[in-house]
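Reviewing the structure listed below.
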Amino acid sequence: YSYHQTSLLSECPPKNIKYCSGIRKLKLNISSGLSISDGSEPGHHYLNEMNCRFDVTAPSGYFVEVTFPTFNLENANEVYLLCSNDYLEINGKKYCGTNGPSNLLLEPPFSIHFKSDKSKTNFGFSGRLKLVDKAEKNIKDCGMHKTCGGCLSETVTDCAWCASSHTCLASFKKDTCF
């Protein structure tokens, strides 16, 4: 196991820590948000060979805003520059290293999958899930167009992801997406 500051721990790996594993079904409600993480303590690494999934649902009429205040996983594969070692996957897109997702606005249901291999580990991730009323955001459905500019959920350079998750800015009309 890999841990940072292991000299501060009386046992390695530490016991009584609830690392993520298996499938956790998360249902957001209007009154509160939820937090997710790999389960490691702040300042310590997650475990090797972890495999967990968060299946997220929410009431109709809401998007889920997903933010990651902490995101530090093993870097991408040095040869292929792909997130094939340790990664967090959301809607088919993998994130690794310190290039975590930012300000995602997703339509439920969706899954967040975390997987680590048996080599290096790092400080891990912690995320926050919060409901956002669709009517308040006034977001247009841009269908399955390849790009739509003005993406709410990722960088503009990755707007194909935006179009597939239906999160175009309201100022863009459906017929202007291409």
All positions within region 36-58 that are modelled with pLDDT under 90 and open to solvent by 80 Å² or more (accessible area, probe 1.4 Å): 41, 42
Within region 94-129, residues open to solvent by 60 Å² or more (accessible area, probe 1.4 Å) and over 25 Å from residue 43 (Cα atoms) come out as 107, 109
Residue identified as open to solvent by less than 60 Å² (accessible area, probe 1.4 Å), modelled with pLDDT of 85 or more and more than 20 Å from residue 103 (Cβ to Cβ) among 33, 22: 22
Strands (runs of 3 or more DSSP E) completely within region 38-115 that count 1 or more residues being among the acidic types (Asp, Glu) and within 13 Å of the chain's Cα centre (by Cα): 51-57, 62-72, 87-90
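The values are calculated or read from the model by the stated rules, or taken from the named source; none is laboratory data. These numbers were taken from a predicted model, which means no experiment stands behind them. Positions of Cβ are backbone-derived with ideal geometry, glycine not excepted, and every protein chain shown enters the neighbour counts. The protein model used for the area step is the full one, side chains on, heavy atoms only, and it has no ligands, DNA or RNA in it. Shrake-Rupley method; radii C 1.70, N 1.55, O 1.52, S 1.80 Å.
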